[in-house]
Amino acid sequence: MAEDKEPRYDPAAIEPKWQQRWAGDPALYAADPVDSGKPKYYVLEMLPYPSGQLHMGHVRNYSIGDALARQMWMRGYNVLHPMGWDAFGLPAENAAIKNNAPPRDWTLANIAAMKRQFDRLGMGFDWSHEVTTCFPDYYRWNQWFFLRMYERGLVYRKKSKVNWCPECATVLANEQVVDGRCWRHEDTIVEQRDLEQWFFRITAYAQELLDYLDKLDGWPEKVRIMQRNWIGRSEGAKVDFGVENRPDKIRVFTTRVDTIFGATSVQLAPEHPLVTAFAANDAGLKQQVNRLLEEQKKAREAGDVGEIEKHGVLTGHFAVNPYSGERVPIWVANYVLLEYGTGAIMSVPGHDARDFEFAQKYAIPIRRVIAPADPNSEGAELPFVSEDGVLVNSGEYNGLSCADAQKKLQEAATRHGFGKATVTFRLRDWGISRQRYWGTPIPMIHCERDGIVPVPDEQLPVILPENVEITQQGGSPLARVPDFVNVTCPKCGGPAKRETDTMDTFVDSSWYFYRYADAQNSSAPFDSAIAQYWFPIDQYIGGVEHAILHLIYSRFWTKVMRDLGLITNDEPVRRLFTQGMVIKDGHKMSKSKGNVVSPDDMVARYGADATRMYALFASPPDRDLDWQEDGVAGVSRFLGRVYRLVTKYAPIARRVATTSAGKTSTEKGTGFSPYVQETTSSGALAPEGSLSAPSLKLLRKLHQTIAKITLDFEGRWHFNTCVAAIMEYVNELQAADAQFAAGEIPPPVVHELLRTLVLLLAPFAPYIAAELWEDLDEQGNVLRAPWPVSNPDLAKEDELEISVQINGKLAAVIRVPADASNDAVQAAALADERVRARLAGRNIIKVIVVPRKTVNIVVK
């Protein structure tokens, strides 16, 4: 098909026109009422932090969700596709310090700028459900949830060793420390401090969080593995070692109580209370312990205490093994951490590689207490680490298997009162206190008479004051605002002080998607009946970096809300998709790397459709995308070809009448135009006869394309192959230019070919689709036109291309009937002249046929 120079595709003219029209139709992307009778579909991308500018990483994420939402609208679903702003947090506060601008003003200006970008990109968001987490109508419910959890014992305050980021000047949760550094500042080493902190008791749900991972079959396995490892369930026993000549007990947790007769020392963390007691009257020991503490601190800064060079100090005291009565020396070791387990370990060097290394270094006895079950098998070398052996040198337990011994040893500990079977978790309670200003105020009051008192519900929200002097000094800026701090105790009426810490911003994002469903509710976080309709989320889209931050917190929050009676679902998300990153200059695209590409620049040069479509086409959505601006230009050229193709033949297509119902038969689901349907009395397309061979060929390609794209939307999510399929289809249309010009393609078929092309393009390039839909004289918005249905008779392939390989190297590509048997495919491959020439003089060992794909001939 010849490409005319005019009319020219001009996104700078087309896209603003449609943006303005869509802005005048607020119902266009609005979800229908919950009683609409339509099947529901809740598609959601993780909400952005309003940093002031989108980059191409954002565009990729939101283009995926937008394409899916548009296709589901066209399939007749009641779609909820909302957007909001994760608006609290340190970046706004740091920007306020740098620019001398209030965080609220900076944040709201950024929201306005990013919203304009979203609109220009043509994103189909339902803005009537918009949520902004820094507004009191949202964070009021953060406070309300805090109080409900406090009433249920899921909130508590304690002095704790916490992770302190000196650059953020605040506490970090364990999940926010990556390799010993702040998750926001990769070069900032996290320090350890002792502070009074508020905690959410997420560990109360540790077992359920773990168990329900098996039910999340719509989640990527890598995310479930990451969460399973982070929760870290361990079964074992807690055992109390006595301390010689002291009333103290040293509690250890071990997963291998069957090795306890091999414990030849006990090792304590340098900060263990018993070490402090030992060192109180021993200046030499205190000095050596301080050295271990310094080594441990440096190892934390390096990001992995597990790799530390192991050092220890002998305390001169002894512990007593409760099973054997044996005296074993007590050591202080730099690789034992107070915050993990009990801060103490029994050291079994014969059956633990780490303990073996330590024992060799300090000449601590090494004893075998587990032997291979088969005396002739390997395992003579120590350390012997196995659960398939039998006990030796273990008193009355000798000869028992490891499993039987563990059970009997746990029973003995319980019976004699020095231990019990225990399950522990790596997961720690969620520390939510932040010593910064721009966050949700914690609704608690400190009274000298009544202690800590909750703010009554009727006094919510506790409003975050404005015009606060912000610095990065230690301590919350709110503590320096007397009007905020000084209050009356709601219990006794006396003078009291507000809590001045604010909540971790991951609180905001743990439940925002429930608020989306009922964003204007002023009397509750949301209406339970509305949440019942929309949840769980049908498709959630975001980065895998949130696997053990946002995603595990939101699962916890859902279970708490369920137990509060607000919802009935156990999990927030049915299906999760983690898109790949956008890479530029070898790094993830981010402001900190200075490699951000602004979508504004791309839209100005190539248009929003080309920008979005490139983000979907350049790579499978679950893999990283290596940014190439030439790719955007290439997609723009392709859209130009589509525009010229459709506008050239639109006059022919416009002559086609619709059915008496005002709908083409495509809309009724038959898959082809009424005039085409009438070619046979049965309503099916005749393979020969009234339709020309070129018409049948093009219709076959069309319906194969419909089938492929529909399947990709429903299953694989390979939007790159969807776009590629549209490109192949357009190539077929352009190759038939002579047939179009000669009138061999009748108007009903032209109408069908072009109209359906626009429908297939609509989820990926909404602006040009709207323009061409109008050019074809189609009624209504293309977003509300039914998604085309593939005719299986037409979509059926007549022939397949099969690659023929000899010893794994391509020798030829052959065409065979689509229904050919494997034997027929093999015969065709061996009969091909190119293959026969390559096989001359060589012995065939075997022929492997991969159905519908490949023939591999193995020769000598």
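The values are calculated or read from the model by the stated rules, or taken from the named source; none is laboratory data. Owing to the predicted nature of the structure, the values given are computational and were not obtained by experimental measurement. Because the Cβ atoms are built from the backbone with ideal geometry, glycine has one as well, and the counts that use them run over all protein chains shown. With ligands, DNA and RNA removed, areas are computed over all heavy atoms of the protein, side chains included. Shrake-Rupley method; radii C 1.70, N 1.55, O 1.52, S 1.80 Å.
Details
- Computed from the alpha carbon atoms alone, the convex hull of region 253-359 holds 97 Å³ per residue.
- Charge tally for Glu732 (other residues, Cβ to Cβ under 13 Å; Lys, Arg +1; Asp, Glu -1): +2.
- Correct choice for semi-axes √(5λ) of the Cα gyration tensor in Å that was computed from the model, options (i) 61, 40, 23; (ii) 64, 32, 26; (iii) 67, 33, 21: (i)
- Ranked from largest, the principal axis spans of the Cα set of region 528-621 equal 51, 27, 22 Å.
- Theoretical gain in end-to-end length, Asn807 to Ala353 [0.36 nm per residue, Cα-Cα removed]: 158.8 nm
- Acute angle (nearest 10 degrees) that the helix 90-99 long axis makes with the longest principal axis of the chain, alpha-carbon atoms: 90
- Residue separation of Lys215 and Lys491 scaled by 0.36 nm, minus their Cα-Cα distance, works out to 94.9 nm of gained length.
- Helix 608-617 and the long axis of the chain differ in direction by around 70°, with both axes built from C-alpha atoms.
- Cα-only radius of gyration and Dmax that characterise region 591-636, units Å: 10.7, 30
- Estimated FRET transfer efficiency (Ala277, Gln628; beta-carbon r; R0 45 Å; 0.05): 0.10
- Our note on the geometry: Cα centres of region 216-232 and region 145-209, 21 Å apart.
- When the listed pairs Lys249/Lys310; Lys159/Lys497; Lys310/Lys588; Lys796/Lys853; Lys215/Lys588; Lys158/Lys249 are checked against a 27 Å cut-off, the alpha-carbon distance exceeds it for Lys310/Lys588; Lys215/Lys588.
- Rounded to whole numbers, the Karplus 3J(HN,Hα) couplings from phi for region 59-73 are 4, 5, 4, 7, 5, 4, x, 5, 4, 5, 4, 5, 5, 6, 4 Hz, using 6.51 cos²θ - 1.76 cosθ + 1.60 with θ = phi - 60°, and x at Gly and Pro.
- Helix 629-654 and the longest principal axis of the C-alpha atoms of the chain enclose an angle of approximately 40°.
- Computed over protein heavy atoms with a 1.4 Å probe, the accessible surface of region 115-249 works out to 44 Å² per residue.
- Here region 445-570 is treated as a Stokes sphere of Kirkwood radius computed over C-alpha pairs; at 37 °C and 0.692 mPa s its diffusion coefficient rounds to 188 µm²/s.
- Peptide ranges 431-437, 281-287, 695-701 listed from the most packed, as the mean C-beta count within 10 angstrom indicates: 431-437, 695-701, 281-287
- Within the chain, the longest run free of exposed loop sites, counting GluC sites (Glu not before Pro) that sit outside DSSP helix and strand states (H, G, I, E, B) and have at most 10 other Cβ atoms within 10 Å, spans 470-687.
- For region 736-774, the residues whose backbone nitrogen is under 19 Å from a point 7 Å from the Cα of Asp798, taken along Cα to Cβ, are 736-740, 744-746, 749-750, 753.
- Gln197 long-range amide H proximity, modeled H, under 5 Å: Lys158, Lys159, Ser160
- Database remark: amide H of Gln805 closer than 5 angstrom to the amide H of Ala811, Val855, Asn856, Ile857 (H placed geometrically; neighbours at sequence offset of 5 or more, or on other chains; Pro and chain starts carry no H).
- Under 5 Å, built H, 5+ apart or other chain: amide partners of Leu80: Tyr41, Tyr42, Val43
- Backbone HN-Hα couplings from phi across region 130-136 [Karplus 6.51/-1.76/1.60, Hz, Gly and Pro as x]: 4, 10, 10, 6, 8, 8, x
- Between Ala741 and Asn467, the C-beta separation translates, for a Förster distance of 56 Å, into a calculated FRET efficiency of about 0.20.
- Counting charges near His416 (Lys, Arg +1; Asp, Glu -1) among other residues having Cβ under 13 Å from its Cβ returns a value of +1.
- Alpha carbon centroid spacing (whole Å) that separates region 238-272 from region 353-405: 18
- Annotation: peptides 260-267, 107-114, ranked by per-residue average of other Cβ atoms within 10 Å with the highest first, follow the order 260-267, 107-114.
- Karplus-derived 3J(HN,Hα), 6.51/-1.76/1.60, for each residue of region 240-251, Hz, glycine and proline x: 9, 8, x, 10, 4, 6, 9, x, 5, 10, 10, 8
- The lysines whose alpha-carbon is closer than 19 Å to the alpha-carbon of Lys98, local same-chain residues fewer than 8 away aside, are Lys591.
- Normalised by residue number, the volume inside the convex hull of the Cα atoms of region 1-103 is 199 Å³ per residue.
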